[in-house]
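Asker: Pasting in a structure now, in structure tokens, and then I'll have a few things to ask.
The values are calculated or read from the model by the stated rules, or taken from the named source; none is laboratory data. All figures in this text were calculated on a predicted structure; none of them were measured in a lab. All Cβ positions, even for glycine, are placed from backbone atoms using ideal geometry, and neighbour counts span all protein chains on display.
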Amino acid sequence: MQARPNTSGADTAFHATLVLAGLGVVTVLAGVAWELLSLSGEALSKGGIGFITGMTWDPVAEEFGALPALYGTLVTSALALLIAVPLGIGSAVFMSEIASSRVATVVGVLVDLLAAIPSVIYGLWGLFVLAPLLREHVQPGVQKLFGELPLFAGPPLGVGYGTAGLLLAIMVIPVITAVSREVLRAVPDTQREAAYALGATPFEVIRGTVFPYARSGLVGAVVLGLGRALGETMAVTMVIGNRYDISASLFAPGYTLAAVIANEFTEAFSPHYLSALAGLGVVLLGTTLILNAAARLLVRGVRHGGAG
Amino acid sequence: MKTTMNGFGITVVAIAMVMLAVPGMASAQNLTGAGATFQYPLQSKWSSEYGKAHPEVRVNYQSIGSGGGIRQITARTVQFGATDGPMSNEQLAEAKDPILHVPVTLGAVAVAVNLPEVTKTLDLTGVVLADIFLGKITRWNDPAISATNKGVVLPDRAIAVAHRSDGSGTTYIFVDYLAKVSPEWKNKVGVATSVNWPVGLGAKGNEGVAGTVKQTPGAIGYVELTYALQSGIPTARVQNPAGEFVAPSVDAVTKAAAGAAANLPEDLRVSITNAPGAGAYPISGFSWVLMYLQQQDCSIASALVKYLWWGVHEGQAFSTPLHYAPLPASVVSRCEAKLKSVTCNGSPVL
């Protein structure tokens, strides 16, 4: 189709508006990055690489290192994705491929409701329901079974990396499910019908035709979920134990970047302290950018390898 | 540093102006304050009660935390700040013009414990408390704890320490007390609104600490007195310098302030933890309003000083129902002197 010649000028205005909107987003991101960098300049220049590799967070002695919080952010997010990706994509497949349309609608509405719950509610639920449940019933049992493993060492506190990861998984599942469902629905029915016509079973249809077609969209869904897990603050801080330390045990208390910032920003009493908190923001922003870039490369690789 | 503060400040002012513009009372004098969350329930009660008697003044208090209060008053984006920990000399120097500390109420910190086996109230000395939070005393049947709890069978249970994860004036008062009774705490950990805790779990807010303590048998934590009284969580009695074990209560906190009043410094920046006097509860502290001694806008200055004058007099009546400890008379007279010293363009406001 050929575009009509521009007669009214409305197209020019429309074009300009869109350019402004696009630039606006970039400007906001650049502004945030600039503000964070200028605010954190003092801590980053004083600490250097030690700010990222440091283990201590002592506001009184003004000694600041980000590593335990960075570790906690990565561990809880990884754990959340480990649980949420199979469950989220699985439920999306169920809704788009297996369930009758009435069941799929009901499940879909429920999943969307799950996504609408504020994170502080998740946090309180995690603290008052999930954590005691894990402490009383799950963690002692796991320790009885795998008592030797350092992964499950330490007293069962109910809060820690594991609880935070589990809670994050519950929060991330609706994001992954909702996006995956739309992606799977966009797979043309002709693809499925062709595979069925060749005598494929439902499993073969899903694995052989639906997934390859939807793969890059599914990766996008996981990236969105990861974004939510990395930045989640309120719910995590309630169940992670807020201990500035690194531990291999999933039962041990830890900390995340976002949680430290949220906890300490309002009462930061010295410029250096405030600057160190902004430094954590820079580390978090950097982590998010790196992981997002990696995911984009992954999507690109998938698109080139698997479009067929 | 300076520019970012102003940027943040401008945002706050813009938000405040939008909020204040909505009711549309053109003639009303707006006072904006910001700071300690601890004061928020009292300030909002004051604001509504004062507004009934003085409809021409509208007080808007934003509970953004003590650190935020200090930053906002330094940047002059609010007419008054509020804090649970006094400003340091460096902070005062950064503000350039002299800032007054006016005590408006008292805060205290209760020690909450969860020992299912023990029904009697525990008696703890300051040193024992510090050693528990230093991680030196790790079990409830430690001889140091039984020494002050004769007749109580203490269980052989691990102590689980819970502390605030968010920066808080409650933490400041608590660790300030620990630093006074334990030189080791002072050297190893120090005093601030957040510290590098040697042991324990961090929980967000009073409700987080109370929740952790309630759920974990063998736990010990600290919560704001108001919160402890409202939630009815079991608390320990703490030894004061007179050797008495005192339960946390509004009366015992006012007694601590009265005990410390004799030695109040000129600028009223004082810690009253471990205060002398019979019946004084040792883990308590002032909560202050911060304002500039030399005001520039005389109508604002007059409204602000009158509001605070009302607060330290009539306003104190609202303390006890909200579980705040009222200021003792000896401190109120010091506040009066401070408020009378405020000037606007060189002439006294009151």
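Asker: What's the total number of residues in the stretch B:202-251 that are touching a helix residue (DSSP H, G or I) at 6+ places or on another chain (Cβ under 6 Å) and among the acidic types (Asp, Glu)?
Answerer: Residues that pass the stated criteria total 1.
Asker: Same structure again: Between a first residue in the stretch B:196-215 that is more than 8 Å from chain A (Cβ to nearest Cβ) and a second residue that is among the polar types (S, T, N, Q) and part of a helix (DSSP H, G or I), which pairs have beta carbons less than 8 Å apart while being 6 or more apart in sequence or on different chains?
Answerer: B:Asn206/B:Thr170; B:Ala210/B:Ser231
Asker: A:His137 passes all but one of (1) touching a residue at least 12 places away in the same chain (Cβ under 8 Å); (2) farther than 19 Å from A:Arg243 by Cβ; which number fails?
Answerer: Result: A:His137 fails condition (1) only.
Asker: Next up: Which residue is surrounded by the most Cβ atoms within 10 Å (Cβ to Cβ), if the candidates are limited to the stretch A:202-245 and must be charged (D, E, K, R), within 21 Å of the chain's Cα centre (by Cα) and modelled with pLDDT of 90 or more? Talk me through it step by step, then tell me what you get.
Answerer: The first filter runs over the stretch A:202-245 and keeps only residues charged (D, E, K, R), leaving A:204, A:207, A:215, A:228, A:232, A:243, A:245.
Next, only the ones that are within 21 Å of the chain's Cα centre (by Cα) stay: A:215, A:228, A:232.
Now drop any that are not modelled with pLDDT of 90 or more, which leaves A:228, A:232.
Details: A:Arg228: 19, A:Glu232: 25.
Filtering first and then ranking leaves A:Glu232.
Asker: Give the residue, chosen from A:Pro156, A:Pro150, that is in contact with a Ser or Thr (Cβ under 7 Å, 6 or more places away or on another chain), over 19 Å from A:Tyr244 (Cβ atoms) and at pLDDT below 90.
Answerer: Working: A:Pro156 fails: in contact with a Ser or Thr (Cβ under 7 Å, 6 or more places away or on another chain).
Unique residue meeting the criteria: A:Pro150.
Asker: Further question: Starting from residues that are in a loop (DSSP other than H, G, I, E, B) and more than 8 Å from chain A (Cβ to nearest Cβ), keep the ones in the stretch B:155-173 and report whichever is nearest to B:Glu117 (Cα to Cα). Write out each step before concluding.
Answerer: At the first step, the residues of the stretch B:155-173 found to be in a loop (DSSP other than H, G, I, E, B) are B:155-157, B:159, B:165-168.
Then drop every residue that is not more than 8 Å from chain A (Cβ to nearest Cβ), which leaves B:155-157, B:159.
Numbers: B:Pro155: 7, B:Asp156: 10, B:Arg157: 10, B:Ile159: 13 Å.
Within the stretch B:155-173, the match that is nearest to B:Glu117 (Cα to Cα) is B:Pro155.
Asker: Considering only residues that are more than 21 Å from the chain's Cα centre (by Cα) and either free of Cβ contacts under 8 Å to residues at least 24 places away in the same chain or within 10 Å of chain B (Cβ to nearest Cβ) (or both), which ones fall in the stretch A:246-271?
Answerer: Scanning the stretch A:246-271 gives A:Glu264, A:Phe265, A:Thr266, A:Glu267, A:Ala268, A:Phe269, A:Ser270, A:Pro271.
Asker: Taking the stretch B:293-350, which residues are farther than 15 Å from B:Gln43 by Cβ and among the charged types (D, E, K, R)?
Answerer: Selection gives B:Asp297, B:Lys306, B:Arg334, B:Glu336, B:Lys338, B:Lys340.
Asker: So, in the stretch B:174-191, of the ones that are touching a residue at least 40 places away in the same chain (Cβ under 8 Å) and assigned to a loop (DSSP other than H, G, I, E, B), which residue ends up farthest from A:Arg243 (Cα to Cα)?
Answerer: Checked the stretch B:174-191; the qualifying residue farthest from A:Arg243 (Cα to Cα) is B:Ser182.
Asker: Every residue in the stretch B:121-175 that is of a type in the set (S, T, N, Q) and surrounded by fewer than 24 Cβ atoms within 10 Å (Cβ to Cβ), please. Break it down stepwise before answering.
Answerer: As a first pass, look at the stretch B:121-175 and keep what is of a type in the set (S, T, N, Q): B:121, B:125, B:138, B:141, B:146, B:148-149, B:165, B:168, B:170-171.
Listed by number, the residues that qualify are B:Thr121, B:Thr125, B:Thr138, B:Asn141, B:Ser146, B:Thr148, B:Asn149.
Asker: Evaluate the stretch A:147-154: report whether one residue or more is in a loop (DSSP other than H, G, I, E, B), charged (D, E, K, R) and out of contact with any His (no Cβ under 7 Å at 6 or more places or on another chain). Spell out the reasoning first.
Answerer: Residues of the stretch A:147-154 in a loop (DSSP other than H, G, I, E, B): A:147-149, A:153-154.
Among the residues that remain, those that are also charged (D, E, K, R) are: A:148.
The next check asks that each one be out of contact with any His (no Cβ under 7 Å at 6 or more places or on another chain); those that pass are A:148.
The answer is yes; a qualifying residue exists.
Asker: As an exercise: evaluate B:Gly277 against (1) within 16 Å of the chain's Cα centre (by Cα); (2) in a loop (DSSP other than H, G, I, E, B) and give the number of the one condition it does not meet.
Answerer: Among (1) within 16 Å of the chain's Cα centre (by Cα); (2) in a loop (DSSP other than H, G, I, E, B), the lone unmet condition for B:Gly277 is (1).
Asker: Name every residue in the stretch A:42-59 that is within 10 Å of chain B (Cβ to nearest Cβ) and surrounded by 16 or more Cβ atoms within 10 Å (Cβ to Cβ), in order of residue number.
Answerer: Kept after step one, since they are within 10 Å of chain B (Cβ to nearest Cβ), are these residues of the stretch A:42-59: A:42, A:56-59.
Within the stretch A:42-59, A:Glu42, A:Trp57, A:Asp58, A:Pro59 meet the criteria.
Asker: Can I ask one more? Can you name every residue in the stretch A:157-195 that is in a helix (DSSP H, G or I), within 14 Å of chain B (Cβ to nearest Cβ) and of a type in the set (Val, Ile, Thr)?
Answerer: Answer for the stretch A:157-195, where residues must be in a helix (DSSP H, G or I), within 14 Å of chain B (Cβ to nearest Cβ) and of a type in the set (Val, Ile, Thr): just A:Thr163.
Asker: A:Asp112 passes all but one of (1) assigned to a helix (DSSP H, G or I); (2) buried (at least 19 other Cβ atoms within 10 Å of the Cβ); which number fails?
Answerer: Here A:Asp112 clears every test but (2).
Asker: Can you find, within the stretch B:218-258, the residue that is surrounded by the fewest Cβ atoms within 10 Å (Cβ to Cβ) among those that are of a type outside the set (Gly, Ala, Ser) and part of a loop (DSSP other than H, G, I, E, B)?
Answerer: In this case the residue turns out to be B:Pro241.
Asker: Do we find a residue being under 29 Å from B:Ser249 (Cβ atoms) and of a type in the set (Ser, Thr, Tyr) anywhere in the stretch B:131-139?
Answerer: For the stretch B:131-139, residues under 29 Å from B:Ser249 (Cβ atoms) and of a type in the set (Ser, Thr, Tyr): absent.
Asker: Hey, another quick one. Can you list residue pairs whose Cβ atoms sit under 7 Å apart, with the first residue in the stretch B:147-173 being free of Cβ contacts under 8 Å to residues at least 60 places away in the same chain and the second being surrounded by fewer than 17 Cβ atoms within 10 Å (Cβ to Cβ) and assigned to a strand (DSSP E or B)? Count only pairs 6 or more apart in sequence or on different chains.
Answerer: Qualifying pairs under 7 Å: B:Asp156/B:Arg139.
Asker: Just to be sure, is A:Ala84 within 16 Å of the chain's Cα centre (by Cα), more than 14 Å from every other protein chain (Cβ to nearest Cβ), buried (at least 16 other Cβ atoms within 10 Å of the Cβ) and in contact (Cβ under 8 Å) with a residue 60 or more places away in the chain? Talk me through it step by step, then tell me what you get.
Answerer: Numbers: within 16 Å of the chain's Cα centre (by Cα): yes; more than 14 Å from every other protein chain (Cβ to nearest Cβ): yes; buried (at least 16 other Cβ atoms within 10 Å of the Cβ): yes; in contact (Cβ under 8 Å) with a residue 60 or more places away in the chain: yes.
In short, yes.
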